[in-house]
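What follows is a set of notes on a single structure, which appears directly below.
The values are calculated or read from the model by the stated rules, or taken from the named source; none is laboratory data. Bear in mind that the values here come from a model prediction, so they are computed numbers and not experimental data. Cβ sites come from the backbone with ideal geometry, for glycine too, and all protein chains shown count toward neighbours. The protein model used for the area step is the full one, side chains on, heavy atoms only, and it has no ligands, DNA or RNA in it. Shrake-Rupley method; radii C 1.70, N 1.55, O 1.52, S 1.80 Å.
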Amino acid sequence: LSCVVLRRRQYVVVTGCEVSLWVGEQFASDLSALMPLLRVRSVSSNKVLGLLGQDFPVPAVGHDMTEDSWDLNNAIVIIVSHSGGTFGPLATANLMQASTADIFLVASEWDTQVGKQLRKLGDQPRVFSTGIGLRPAEPCSISVAATHQLLTQILQHLALAVMGNPKLRRVVGCQYTDQDLSELERCNRDNIDALRDIVGGVGSSTVSNNSGDGGGGRMTSPASDTATSLDLKVKGHTWAQHVLEAPRAWAMSAAYIAITVTLGYPLVSGLAAAAGVTVVWALRLFGFLDAAIYVFIPQITTLMIRAWQGRMAFHRMTGRELFPHLPSPHSHWTPHAHSVHLLR
């Protein structure tokens, strides 16, 4: 991107789908703050295709993108797609080649479907790879962290290029100071340290390789869990028990009903019959207690499960889902998408 001549009021379009788009929106916001004289926009690839990719345009309702509002001729287009093969970004890469040659891709690896399309435009490098490989069933965890980290490094590189050139800095209206750049570099390093702390420090320790086979030096060795990773695993296990609580309670209730109805001996009435109780009012009382058990059996089985597992007994008994309430779209919806994938 630093090789592209930045023209005054140049359009920079960041596009993608779902989680990739949400992470790209944060990058577009940061890039706009770094270069306020550029027109940095973020838009879904599906909106681009709906408006520009067919004979009958479909307006992007609720969005400021129209056929005439954005000048996409010679625009800089950044496509964010973890797989590099999602239909929307792939079709957008083909569509935008009619308007601009400055198209770049942020993906999991170099050899993707979108990457193949962009390599046809020339020998200029156009693919930024996170290096984590294709993960078709990845529930928005390491792919999001790697994409966010790569975009942060791209932003840091752009900041260095702009701030080191007074003319370029004036053209894009950069107001960043050396202190801002230093803070960005610190956040970049801290992000890597935080990821290592969350994952458990894998690869954070090294041991000497003195095997005498000519391959001396140091080799990576898996490290033990950190306090943060252990705490996350404990909380994850607790949340998993909450999620599995409903099907377990349903299975226990179904087994109780099937056994007692088939045998004709509910719990209380069966015990009374075994004890030889024949008093009419007592039998009716026991029947009422059996009816109450049938009515409240979901709650009873839930309490039994919680007592067995040592969890809080009177926590709310309902469906379990993660609803994060965070300030930015990518930090709010990405955990939600992660939890949806886990619960499928």
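Kindly state, to the nearest 0.05, the FRET efficiency for ARG39 paired with SER141, given R0 = 30 Å and r defined as their beta-carbon distance. FRET efficiency, ARG39 to SER141: 0.35.
Measuring how big region 36-100 is from its alpha-carbon positions, Rg and Dmax come out at 11.8, 34 Å. Take the Cα of GLN113, step 7 Å toward its Cβ, do the same at LEU244, and the gap between the two points is 3.7 nm. With all projection directions averaged, the alpha carbon convex hull of region 71-135 covers 4.0 nm². Packing here is the average count of other Cβ atoms within 10 Å per residue, and on that basis the peptides 274-285, 94-105, 76-87, highest first, run 76-87, 94-105, 274-285. With the whole protein complex present, TRP70 retains an accessible surface near 20 Å², based on a 1.4 Å probe. Heavy-atom accessible area, probed at 1.4 angstrom with all protein chains present, ranks ARG186, ARG119 as ARG186, ARG119, highest first. Put PHE296, PHE286, PHE314 in order of accessible area, highest first, and with a 1.4 Å probe you get PHE314, PHE296, PHE286. What trypsin sites (Lys or Arg not before Pro) in region 222-270 are in a loop by DSSP, with at most 16 other Cβ atoms within 10 Å of the Cβ? Loop-located and lightly packed - none at all.
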